[in-house]
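Chemist: This is the structure I have questions about; it appears just below.
The values are calculated or read from the model by the stated rules, or taken from the named source; none is laboratory data. A quick note: this is a predicted structure, and the numbers were derived from the prediction, not measured. Glycine also receives a Cβ, built like all others from the backbone with ideal geometry; neighbour counts cover every protein chain displayed. Just the protein is used for accessible areas: all its heavy atoms, side chains included, with ligands, DNA and RNA removed. Shrake-Rupley method; radii C 1.70, N 1.55, O 1.52, S 1.80 Å.
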Amino acid sequence: MKKPQIPVAILVRVSTAKQETARQISELRQYADGKDYEVLEVCEETISGSADNDERHGLRRAEQLALEGKIKKVLVHEVSRIARRNSVAHHFVETLEECGVSLYWQSIETLLSSGKRNPAAGIMLALLAEMARNESETLRERIKSGLVLARKRGVLLGRRKGTTLTRDQFLQKHKDIARQLKSGQSIRNTAKIVGKGISTIQRVKAALAA
């Protein structure tokens, strides 16, 4: 008699619409197939890893599947795909563990085959979550310092004077924003999903309403 397949969920995340989740999904599906797991659902989201806990719809969906007892494992490509905020990452893992669900990433699992917590995975998770947070902070500082340096050198930032776009050209340029707004996303959520500024989102919303 064939052994029942272990039900799992795949969790993938990218920060902007310009990035793709295909590679993450492909590699995790390949791992699941090799282990003869049943991929019950792919929880996919396009949002900053620094987003608040309640804005992480993919993360919330994976939690829901765990709470409902539908899955036994959550597969992620790397810890930074969970979050770049320690509090979000640890809360997610704790919720999974309370449900008896193991988190897998790069050959590591948070629960042992006995169902008990894997101490080595806990240490590794804490270290990698902190590294992900530091990477995010370092990137922000580099962008800020780069802008300051550019201004000191007299580089003009933003749109060149005298350049204008028609309404249709503007909406075409920001069709990713228009798509999110039309689907009912708020201005704040849209900004995080597409990785663009609030002011740009507001201009697109005004153009759509015009």
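Chemist: Order the following by accessible area, largest value first: L127, L103. Probe radius 1.4 Å; ligands, DNA and RNA are ignored.
Modeler: L127, L103
Chemist: Modelled label-to-label distance, S50 and Q106, 7 Å Cα→beta-carbon offset: nm?
Modeler: The two pseudo-label positions are separated by 2.2 nm.
Chemist: If r is the Cβ-Cβ distance from D33 to R60 and R0 is 22 Å, what FRET efficiency results, to the nearest 0.05?
Modeler: After rounding, the FRET efficiency stands at 0.25.
Chemist: Quick one: go through region 44-62 and flag any residue whose amide nitrogen is under 17 Å from the point 7 Å out along the Cα-to-Cβ line of E68.
Modeler: Correct set: 44, 57-62.
Chemist: A further question on this structure: For region 1-93, just say rounded, prolate or oblate: build the C-alpha gyration tensor, square-root its eigenvalues into a ≥ b ≥ c, call rounded for a/c under 1.5, and beyond that prolate if a/b exceeds b/c, oblate if not.
Modeler: oblate
Chemist: Separate question: With label points built 7 Å along Cα→Cβ from the Cα atoms of R188 and R153, find their separation and express it in nm.
Modeler: 3.6 nm
Chemist: State to the nearest 20 debye the size of the charge dipole of region 13-114 about its Cα centre, where the only charges are +1 on K and R beta carbons and -1 on D and E beta carbons.
Modeler: 260 debye
Chemist: Go through K70/K196; K116/K192; K35/K70 and tell me which ones have a Cα-Cα distance over 26 Å in this structure.
Modeler: Long pairs (Cα-Cα over 26 Å): K70/K196; K116/K192.
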